[in-house]
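Rule-based calculations on the coordinates, nothing more; no lab input. Small disclaimer: the values here were computed from a predicted structure and weren't measured. Here the Cβ positions follow ideal geometry from the backbone for every residue, glycine too, while neighbour counts run over all protein chains shown.
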Amino acid sequence: MWAFDRCEKQTFCADSHLAPIFHFDSTGKVIANFGADMYAAPHGLFADRNGNVWVTDFYIRNGKGYTVRKFSSDGKLLMTLGKDGVAGDNDSQICSTRRPMS
């Protein structure tokens, strides 16, 4: 099982050093935990059939946000789509109508 923690703060993970991505075995033991200092507001998580984990960030704060990241199951960053902390509509950015968190 996979979980993506929103860091329990009003500003989500932007002001936290928590590693918000957790992988649990069938007994509930944490077998992987990663992603610290990478997210403003964790939002979506998808585990693909190859064991990779895709995670999304939907706000901008502290130079973080508006990205989609692909990790291996042990937490190695394989790909980042978008540019941290930048919204846009070109080939290197993720477009969104949401405003940055203040």
- Item | Distance-filtered residues of segment 19-49 - backbone nitrogen under 17 Å, label point 7 angstrom along N62 Cα→Cβ | 19-21, 34-43
- Task: Starting from the Cα-Cα distance between N50 and A36, subtract it from 0.36 nm times their residue separation and give me the gain in nm to one decimal.
- Result: 2.7 nm
- Item | As computed over segment 1-65, the Cα convex hull volume per residue (Å³) | 77 Å³
- Item | Residue-wise HN-Hα coupling along segment 29-34, computed from phi with Karplus coefficients 6.51, -1.76, 1.60 (Hz; x: Gly, Pro) | 6, 6, 10, 7, 8, 7
- Query: Residues with amide H under 5 Å of T67's amide H, sequence separation 5 or more or different chain, H placed in the peptide plane at 1.01 Å from N; which?
  - Reply: D57
- Message: Assuming 0.36 nm per residue, please report the length gained on full extension of the stretch R6 to D25 beyond their Cα-Cα distance.
- Response: 4.8 nm
